[in-house]
Amino acid sequence: MGGLFRGRTILLVEDNVDVRTIFSEVFKNEGYRVLEATNGREAYDLMMGSDDSVNVVLTDLRMPIMDGLELATLLKNNPRFSSIPIVLLSATPLKNSWKALEVFDALLVKPCLFDEVVSTVKAVQ
């Protein structure tokens with residue numbers, strides 16, 4: 001257990017329930033409190049309606065209702081959330097990755113090793 005990161009909260013935004021469940025377990029084992037959302041709109045609403053602070057967001061790109069890029073843009077433009085690091089984990093490589101780095105703190109392409117995802121999330125905090 002990563003005792004150093006105890007009390008850290010991660011928001012997982014992923015429409016695939018299997019992927020979300022696996023990453024939830026991985027981060028719980030690292031000592032994180034895990035919040036989950038199935039799309040960007042749900043994630044944003046969850047953050048707006050909660051007093052709990054989220055330390056990092058891990059989001060997929062392609063999701064129904066609101067995608068990861070729209071979510072990241074909303075968060076970065078909201079002073080309440082603008083300092084929260086956002087990691088993109090996507091099976092779709094971004095054509096304008098330099099543009100994406102304006103709103104994402106790190107970009108990972110699926111499939112990706114769990115260790116790489118965890119170390120990336122820890123590195124951006």
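With respect to (1) open to solvent by less than 50 Å² (accessible area, probe 1.4 Å); (2) touching a residue at least 24 places away in the same chain (Cβ under 8 Å); (3) in a helix (DSSP H, G or I); (4) more than 17 Å from THR92 (Cα to Cα), the lone exception for VAL54 is condition (3). Per the listing SER119, SER83, the residue uniquely hydroxyl-bearing (Ser, Thr, Tyr), modelled with pLDDT of 90 or more, assigned to a helix (DSSP H, G or I) and open to solvent by 40 Å² or more (accessible area, probe 1.4 Å) is SER119.
Table: residues versus (1) touching a residue at least 40 places away in the same chain (Cβ under 8 Å); (2) over 13 Å from LEU88 (Cβ atoms); (3) not hydrophobic (A, V, I, L, M, F, W, C).
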site	(1), (2), (3)
GLU36	no, yes, yes
ASN39	no, yes, yes
ASP45	no, yes, yes
MET48	no, yes, no
LEU58	yes, no, no
MET63	yes, no, no
MET66	no, yes, no
LEU69	no, no, no
LEU75	no, no, no
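The values are calculated or read from the model by the stated rules, or taken from the named source; none is laboratory data. Just so we're clear, the structure is a prediction, and the values are computed from it rather than from any experiment. Reconstructed Cβ throughout: ideal geometry from the backbone, glycine too, with neighbour counts over all protein chains shown. Just so you know, the surface numbers come from the protein's heavy atoms only, side chains and all, with ligands and any DNA or RNA stripped out. Shrake-Rupley method; radii C 1.70, N 1.55, O 1.52, S 1.80 Å.
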